[in-house]
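Visitor: Supplied in structure tokens, the structure appears directly below.
The values are calculated or read from the model by the stated rules, or taken from the named source; none is laboratory data. Since this is a predicted model, take the numbers as computed values, not measurements. Note that each Cβ is placed from the backbone with ideal geometry, even for glycine, and that neighbours are counted across all protein chains shown.
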Amino acid sequence: MVKLSKLQMTALLLGCLVLAGGARQLWRAATAPPPPLTSVVPPPPPTPPPRDFPAPQAPTINGLEYHCDRENRRVYAVKADTGEIAWVSYGESGWLVPGAAFMLDVSPESELWVLNPGRRRLEQLNPETGDYIASWEPREPLPGCCNPVRFAAMSGGRFLTMEKGRRQARLYAPSGDVLNVLVANLSASEHNYVLIHNDDRVYMSDLQPLNGRVRQWEINVHD
């Protein structure tokens, strides 16, 4: 039998300890439970394409169809059956239209209202004759040179507006007081705004140029 020296015996014991430690680590690795599965978060659904709004239509009352002529700064009515011009109106003291915003609307009560943006108000015309009747404007003065840029005549003498500068869509009482801020963060350009009044619905949209998304709203004129 080979007799080991103390130094050799010590080295042998150390080697055995190292081997035992490695074997223990291997055993732990082999018997350890598998790690839990990481939950997979599905990607967000794609943004739906903008919904098609009804095509804008010229409002009518008793066979008269109403139009704004921005180039000539006038409002006129056409007989729907013949196409003959029934009347032409220049409002109380002319339509001031510095930009592209020039529109009219008929309320559920058959009141004819026209946007006069340069005067920052709406003007009511007699739907049969085109004569000026009255004007409406918010109690809080509208900002900028020409506002609102879009509007709808709601039931009960209320008005829905889309306003540049302030970049909001608001619902006003007949008194001019704000009833509700419907949209608080419209995009910066009025050219991104769309408002269509069709039957008892008002459709609004706003293009967000930074991400290309179109936000849309649908409102009942009686709400």
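Visitor: Quick one: is PRO148 under 30 Å from ALA86 (Cβ atoms), under 18 Å from the mean Cα position of the chain (by Cα), assigned to a loop (DSSP other than H, G, I, E, B) and not basic (Lys, Arg)?
Guide: Yes; evaluated as a whole, the condition is true for this residue.
Visitor: Which one is farthest from ILE61 (Cα to Cα), of the residues in segment 156-183 that are of a type in the set (Ser, Thr, Tyr) and surrounded by 14 or more Cβ atoms within 10 Å (Cβ to Cβ)?
Guide: Looking at the filtered set, the residue picked out is TYR172.
Visitor: Tell me which residues, restricted to segment 184-208, are of a type outside the set (A, V, I, L, M), in contact with a strand residue (DSSP E or B) (Cβ under 9 Å, 6 or more places away or on another chain) and either within 24 Å of ILE61 (Cβ to Cβ) or not in a strand (DSSP E or B) (or both).
Guide: Across segment 184-208, the qualifying residues are ASN185, SER187, SER189, GLU190, HIS191, ASN192, HIS197, ASP200, ARG201, TYR203.
Visitor: Looking at segment 177-186, is at least one residue in contact with an Asp or Glu (Cβ under 8 Å, 6 or more places away or on another chain) and not hydrophobic (A, V, I, L, M, F, W, C)?
Guide: First pass over segment 177-186, keeping only residues in contact with an Asp or Glu (Cβ under 8 Å, 6 or more places away or on another chain): 178, 183, 186.
Adding the requirement that they be not hydrophobic (A, V, I, L, M, F, W, C) leaves none.
So far as segment 177-186 goes, no, none of its residues is in contact with an Asp or Glu (Cβ under 8 Å, 6 or more places away or on another chain) and not hydrophobic (A, V, I, L, M, F, W, C).
Visitor: (1) touching a Lys or Arg at 6+ places or on another chain (Cβ under 6 Å); (2) at pLDDT 95 or above: which one isn't true of SER175, the others all being true?
Guide: Failed condition: (1).
Visitor: Given the structure, is PRO117 surrounded by 19 or more Cβ atoms within 10 Å (Cβ to Cβ) and in contact with a Cys (Cβ under 6 Å, 6 or more places away or on another chain)? Break it down into steps so the answer makes sense when it comes.
Guide: Numbers: surrounded by 19 or more Cβ atoms within 10 Å (Cβ to Cβ): yes; in contact with a Cys (Cβ under 6 Å, 6 or more places away or on another chain): yes.
Yes.
Visitor: For GLU123, all conditions in the list (1) assigned to a loop (DSSP other than H, G, I, E, B); (2) acidic (Asp, Glu); (3) more than 17 Å from ASP199 (Cα to Cα) hold save one; what is the number of the exception?
Guide: (1)
Visitor: Please pick out the residue among ARG170, ARG166, ARG215 that is within 14 Å of GLU140 (Cα to Cα), of a type in the set (Lys, Arg) and outside any loop (DSSP other than H, G, I, E, B).
Guide: ARG170
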